[in-house]
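Read the figures in this text as sums done on the coordinates, not as results from a lab. These numbers were taken from a predicted model, which means no experiment stands behind them. Reconstructed Cβ throughout: ideal geometry from the backbone, glycine too, with neighbour counts over all protein chains shown.
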Amino acid sequence: MLPTVHRPVPRVLVPRLLGAALLGLLVLSGCGRGKKDPVATEVKPALTVTTATATNAVIDRSVLASGAIFAWQDVIIAPEVGGYRVAALNVDVGSKVKRGQVLVQLSADMLNAEVASRRAALRSAEARATNAAAALKRGQTMAATGALSQASVDTLTADQTATAAQVETARADLATSELRLRYTQVTAPDDGVVTSRTVTVGQIAQTGAEMLRLLRQGRVEWRAEVPEGQLGELRSGMAVQITTSDGKSVQAKVRTVAPTVQTGNRTALIYADIISGEARPGMFARGEIQTGNSNALLVPAAALVVQDGYSYLFVLGDKDVVQRRLVHTGVVRGATLEILDGVKAGERVVVKGAGFLKDGDTVRINDAKAGA
């Protein structure tokens, strides 16, 4: 293996190499001085956003509540006499009935015989009373001539009084039997719809035991709980828009507001009569009670930013710098939101992109895209 031989650089080339290096440094230095740093001279916007103007408008005011549909009056129909067999059942669940219509017929054979016996007893008592009255009249005539003592007259008077009382008793017994006979016909106390049936033909009826249940006049009502703070806005006669669980819309009207507040949950019941639409007792429903209309400051609901439990809007200021403001909100109407304070009418608020901003950020506005 041959040894490595180091050859020295010729002295003539050293000055040339140093000059070329120096020239390269000068060129690079000149190029650096000719350009400016964009980061140091230009502030980039934080985000491209869209804005909207806070505007005044008249909106409908309402109170939202949840509740259920109930029967206006659920009438329990039961017999007033017991111990008699059910002879006929004239209605079933869902039957529409009229006031006085016979719903259930009890067997009346025993009571017919009882009424006949009472009538005979009344006639017998009336006959005895007639004889006693005639005897008293004769005795008074004889006593006037001295042929009959006063004691005998007193006895005749007592007999006449007793027989008259017997007539009254017999007449009352007959009225009682006739009333019991009428009670064998169980009738409807009012117009309505039969909602329940627990009686069958052939069973022995018991006094006061439920046979049928009647939805009186077919009326149903919506009962809902309203917080005590909103009771001052409610009045009888206010319109209610009710939505049932199956999505159907029902119209109602507030009939009354309960005079007391429940201490457990600080709410009060309202009662609204259903005036149109189909609603069945037992259904759950949400309602919106129309309380009137008034002016409101509205902004798009998408502009609201919630941070740490507080509500904020980013208001556009001079030179497209945003300011974060604490606001208090009211009702929501579709895509708009009522602002109670914190923003004035005519101010522009950030809508799209508001959730990524912080106070003092500079933004770029692109409302043309939002309008399109």
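Below are the figures for this structure:
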item	result
Label point distance in nm, Asp60-Ala172, each placed 7 Å from Cα along Cα→Cβ	6.4 nm
Sites matching trypsin sites (Lys or Arg not before Pro) across region 249-298 that sit in DSSP coil, with at most 14 neighbouring C-beta atoms within 10 Å	Arg266
Neighbour net charge for Gln185 - beta-carbon separation under 15 angstrom, K R +1, D E -1	+2
Label zone at Arg99, where the point sits 7 Å out along the Cα-to-Cβ direction: region 192-209 residues whose backbone N lies under 14 Å	192
Projected label distance in nm at Val332 and Arg286, using a 7 Å step from Cα toward the beta-carbon	0.9 nm
Angle between the chain longest axis and helix 109-145 axis [Cα atoms, degrees, rounded to 10]	50 degrees
Relative contact order (percent, whole number), the chain, Cα cutoff 8 Å, 6+ residue spacing	26 percent
Low-density loop cleavage sites - trypsin sites (Lys or Arg not before Pro) in region 87-127, where at most 13 other Cβ are within 10 Å (DSSP)	Lys98, Arg99
Extended-chain gain in nm, criterion 0.36 nm per residue less alpha-carbon gap, Ser276 and Ala158	35.5 nm
Charge context of Lys98, other residues only, Cβ under 15 angstrom, K/R +1, D/E -1	+1
Two-site FRET efficiency, Met142 against Ala116, from Cβ-Cβ distance with R₀ of 56 Å, rounded to 0.05	0.90
